[in-house]
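A.B. asks: Below you'll find the structure I mean.
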Amino acid sequence: MARIKLEYYSARHDLLTLALAARGPEVSPMTVVAAESRQAQDLDLRSSIHIGNGAWAEKKPVRMMHEANLLNDRITWVHCNTLSDLELKLIADSGGAASVATELELHMGHGHPAVARLLKVGVRPSLSVDTCTNVSGDLFAIMRATLSAARGDSNREIIATGVMPTEVVLSTADVLEFATLQGARANGLGASTGSLMVGKEADIVVINTDAPNLIPLNYASGAVVMGAHAGNVEMVLVGGRFVKRDFRLVDVDLMHLKRRAEALRDSLFERIGAKTGRWFPPLN
């Protein structure tokens, strides 16, 4: 990590920044957890820890780090599904950030998404995909899954009291904030991006609302969160430079990427003796 930082990330204002994907107490002994924490501090890096992964959280991993004095405000805690309420409060008190991969978590047995529980302790989560080979990398879908999970939790609690829900616990504007500003903050970039403000980088996503799935436009956050998909994105600017324009990626050879991806797939399948060169149906 020290060599990588020196060789590739010495400039403070590069578009790419370095962070440490720490392993955490669920999968590593505390000697490793402590060593990685010291390394992140020594190299002045943010770190992320996947935590609250189903039954693995029974050992109370956040409490273990708290007792070892390893909690700080430069950690992004990913998932958090099966953490105890006390551990979520420890994250909040430490100033740490959280990232929920709602769609992936529901598929892969992480436990119920922690969106509502994080909000109760004052942590506004960011959104993530986690594993693009298992679910899509579409953050529009992640926003909808997150909103559904939080509203479903709230509705269930209200119905249990014998009345019908009449209000929503989370708005589309809230979830849009999770996908933008909270994502920037969880990566230590809240001061430079994540919202449209004077002095921040010109990182802009322009959504065309003339498509059938978005007409008629009633309110912007509702259209983006509840109806939009990647095909509605007309333009994207990063630091004021177009990376997508007129609905097409700029300077990206998609057919070249397709050939590389197919060649890599075939190579991987050949190593396990699978047939290659065509579509592969699932084995189960």
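Where a number appears in this text, it was derived from the coordinates with a stated rule and is not lab data. Since the structure is predicted, the reported quantities are computational estimates derived from the model, not experimental observations. FYI the Cβ positions are ideal-geometry reconstructions off the backbone, even for glycines, and counts take in every protein chain you see.
A.B. asks: Starting from the amide H of GLY190, placed 1.01 Å from N in the peptide plane, find each other amide H under 5 Å away whose residue is 5 or more places distant or on another chain.
C.D. replies: ARG185
A.B. asks: Give me a comma-separated list of calculated 3J(HN,Hα) values for the stretch 172-186, in order, Karplus coefficients 6.51, -1.76, 1.60 applied at θ = phi - 60°, integers in Hz, x for any Gly or Pro.
C.D. replies: Going residue by residue, I get 5, 5, 4, 5, 4, 5, 4, 6, 10, 5, 5, x, 5, 5, 5 Hz, with x marking Gly and Pro.
A.B. asks: Most exposed first by the Cβ proxy, i.e. fewest other Cβ within 10 Å, how do PHE178, PHE247 rank?
C.D. replies: Result, fewest neighbours first: PHE247, PHE178.
A.B. asks: For the chain, what is the mean residue ellipticity at 222 nm derived from helices alone (per DSSP H run of n ≥ 4: -39500 (n - 2.57); sum divided by total residues; nearest 500 deg cm²/dmol)?
C.D. replies: Computed mean residue ellipticity for the chain: -10500 deg cm²/dmol.
A.B. asks: For the cross-link pairs LYS120/LYS200; LYS60/LYS120; LYS200/LYS244, which exceed 24 Å when the distance is taken from alpha carbon to alpha carbon?
C.D. replies: Values: LYS120/LYS200 30 Å; LYS60/LYS120 19 Å; LYS200/LYS244 20 Å.
Pairs exceeding the cut-off: LYS120/LYS200.
A.B. asks: Per-residue HN-Hα couplings for the stretch 85-91, Karplus 6.51 cos²θ - 1.76 cosθ + 1.60 at θ = phi - 60°, whole Hz, x for Gly and Pro?
C.D. replies: For the stretch 85-91, the Karplus-derived couplings read 4, 4, 5, 4, 5, 5, 4 Hz, x marking Gly and Pro.
A.B. asks: OK, next. Using mean Cβ contacts within 10 Å as the protection proxy, how do 116-129, 225-238 order, highest first?
C.D. replies: By packing density, highest mean first, the sequence is 116-129, 225-238.
A.B. asks: Now for a different question. Tell me, TRP77, TRP56 in order of fewest to most beta-carbon neighbours within 10 Å?
C.D. replies: Placing the least packed residue first, the sequence is TRP56, TRP77.
A.B. asks: Which option, [x] 18; [y] 30; [z] 24, is the value of percent of Cα pairs over 34 Å apart that was calculated from these coordinates?
C.D. replies: So the calculated entry is the one marked [y].
A.B. asks: Highest mean first, how do 27-37, 202-212 rank when packing is the count of other Cβ atoms within 10 Å averaged over residues?
C.D. replies: Highest to lowest by the protection proxy: 27-37, 202-212.
A.B. asks: Let me ask something else. Report, by chain and number, residues whose modeled amide H sits under 5 Å from the one on SER99, excluding near sequence neighbours (fewer than 5 apart, same chain).
C.D. replies: Result for SER99 returns TRP77, VAL78, HIS79, SER126.
A.B. asks: Give me THR131, THR172, THR161, THR146 sorted ascending by neighbouring Cβ count inside 10 Å, so fewest comes first.
C.D. replies: Ranked by crowding around the Cβ, least crowded first: THR161, THR131, THR172, THR146.
A.B. asks: Identify all aspartates and glutamates with a Cα-Cα distance to LYS258 below 17 Å; exclude those on the same chain that are fewer than 8 residues away in sequence.
C.D. replies: ASP266
A.B. asks: Mind running the shape call on the stretch 64-170? Use the C-alpha gyration tensor, a ≥ b ≥ c as the square roots of the eigenvalues: rounded below 1.5 for a/c, prolate if a/b tops b/c, oblate otherwise.
C.D. replies: It is oblate, given that a/c is not under 1.5 and a/b is not larger than b/c.
A.B. asks: Tell me which residues come under 5 Å, amide H to amide H, from LEU20 once H is placed; ignore anything under 5 positions away on its chain.
C.D. replies: HN-HN under 5 Å from LEU20: ARG46, SER47, SER48.
A.B. asks: A further question on this structure: Take the alpha-carbon centre of the stretch 129-203, take the same for the stretch 41-93, and report the distance between them in whole Å.
C.D. replies: If we compute the Cα centre of each part, the gap is 20 Å.
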